[in-house]
Amino acid sequence: MFFPIFFTFVLLLSTSHAAVQDFCVADYKAPEGPAGYSCKKPAKVTVDDFVFSGLGVAGNTTNIIKAAVTPAFAAQFPGVNGLGISLARLDLAPGGVIPFHTHPGASEVLLVTQGAIVAGFISSANTVYLKTLKKGDIMVFPQGLLHFQVNGGGSSAVAFVSFSSPSPGLQILDFALFQNDLPTSLVASTTFLDVAQIKKLKGVLGGFAGNTTNIIKAAVTPAFVAQFPGVNGLGISLARLDLAVDGVIPFHTHPGASEVLIVVEGTICAGFVSSDNTVYLQTLETGDSMVFPQGLLHFQVNGGDTPALAFVSFSSASPGLQILDFALFKNDLPTSLIAQTTFLDVAQIKKLKGVLGVSIPSSPSPAPASVSTASLAAELGRRAPQVLYGDRPLNTLS
């Protein structure tokens with residue numbers, strides 16, 4: 001009787017001892033599984049695997065939320081793999097916010113080291129737990145619950161957070177709702193938000209819509225050969241146009257392709273100018289299409305009071321793109337040459353170079369004295385200038 005009991009005890013002790021492991025440093029060369037990264041061989045582990053210096057540098061808060069999160073999770077800090085813990089740094093500029101989010105895989109403890117932070121979470125019973133935290137204060141956020149942090153003062157705030165998992169996960173509420181292709185109608189029916197509000201947030205966050213928070217309030221998402229290798233050699237490609245309210249795709253050309261546009265959402269005013277200076281202009285509603293011949297100047301403008309969406313097909317896998325304003329003003333082409341070849345005023349050229357991010361030399365460039373926009377218009381009589389081939393107008397040649 002004694003021997004079987006002793007043997008079982010020794011076996012259990014041996015098995016338990018074999019299962020104990022001091023650490024499991026992440027092996028980034030091996031695939032990651034649901035339980036985390038595979039363990040690096042102990043012989044290849046060094047002290048550097050247990051040290052992470054990235055949290056000593058402030059994050060970049062020049063973004064839409066005026067905040068930054070610097071993680072030290074298993075993906076960045078191999079030593080925490082398998083140990084049930086990780087860290088991150090939060091930087092919040094004045095007005096900064098870490099929007100409502102959850103960590104599906106971990107609880108969180110936050111320590112404020114600089115400034116003031118308004119933090120809170122909402123329990124499953126819909127109870128709000130809210131507190132303004134000062135330097136030295138800590139707060140815990142239970143796993144999986146919606147929570148947030150907002151800069152509560154007039155100066156930058158810094159906090160460090162500890163998680164109960166090396167890979168806590170992250171789901172930001174606004175991104176989950178508005179920064180993807182979840183249909184607006186479904187977001188509206190499942191959140192009770194107004195459609196206009198949903199479209200606005202989709203435009204701002206650049207998910208379903210491209211990121212239109214720029215000078216033209218518009219975005220182009222290409223599926224050319226550089227992004228979509230399957231179209232190579234097939235003479236076709238696609239792109240998506242997103243235009244916020246007042247958004248514009250400025251005058252541009254595609255040297256290598258003709259284009260067909262279809263409006264999927266909203267209203268778009270579109271047009272092109274032919275080689276004989278004829279303007280073809282139309283306001284397009286949902287379902288309307290318009291074609292733009294290869295190489296001709298054309299544009300699209302949001303013609304309504306809600307964001308607009310269109311898809312375009314090109315007759316080339318690499319249609320090319322030249323934006324008129326960029327070609328003229330977003331480079332180092334001398335102001336004097338632009339003035340001579342476009343008849344624009346020097347002041348206007350300098351203004352546009354400044355807007356588009358080109359530094360202007362301090363010494364002014366001389367403008368052609370004998371030509372003005374008004375005299376040019378009078379001279380041309382608002383008619384297309386004739387381009388001659390020999391002694392005959394080019395547009396009369398057969």
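General observations
- Volume in Å³ per residue [convex hull over Cα atoms, computed for the stretch 220-296]: 104
- Estimated FRET transfer efficiency when R0 is 22 angstrom, pair Thr190-Ser164 (beta carbons, to 0.05): 0.15
- Listed residue pairs exceeding 27 Å between alpha carbons, taken from Lys66/Lys131; Lys131/Lys202; Lys199/Lys351: Lys131/Lys202; Lys199/Lys351
- Distant-in-sequence amide H partners of Leu146 (H built 1.01 Å from N, under 5 Å): Ile122
- With all protein chains modelled, accessible area of Phe52 [1.4 Å, Å²]: 70
- Positive minus negative residues near Pro183 (Lys, Arg vs Asp, Glu; Cβ under 14 Å): 0
- Legend: residues Ser124, Ser189, Ser237, Ser274, sorted from most to least accessible area (1.4 Å probe; ligands, DNA and RNA excluded), read Ser124, Ser189, Ser274, Ser237.
- Derived scalar couplings ³J(HN,Hα) [the stretch 272-288; Karplus, 6.51 cos²θ - 1.76 cosθ + 1.60; whole Hz; x for Gly, Pro]: 9, 10, 7, 5, 9, 6, 7, 9, 10, 10, 8, 8, 9, 9, 3, x, 6
- Residue-level accessible surface for Asp174, protein heavy atoms, 1.4 Å, Å²: 60
- ³J(HN,Hα), Karplus 6.51/-1.76/1.60, whole Hz, each residue of the stretch 50-56, x for Gly, Pro: 9, 10, 9, 9, x, 7, x
- Exposure check, 1.4 Å probe, all protein chains in place: Leu201 carries approximately 50 Å² of accessible surface.
- Whole-Hz couplings from phi, Karplus 6.51/-1.76/1.60, listed for the stretch 170-185; x for Gly and Pro: 7, 9, 8, 4, 4, 5, 5, 8, 10, 10, 7, 9, 4, x, 3, 4
The values are calculated or read from the model by the stated rules, or taken from the named source; none is laboratory data. Because the structure is predicted, anything quoted here is derived from the model rather than measured. No Cβ is skipped: glycine too gets one built from the backbone with ideal geometry, and neighbour counts run over all protein chains shown. Side chains are part of the model used for accessible areas, which takes the heavy atoms of the whole protein and leaves out ligands, DNA and RNA. Shrake-Rupley method; radii C 1.70, N 1.55, O 1.52, S 1.80 Å.
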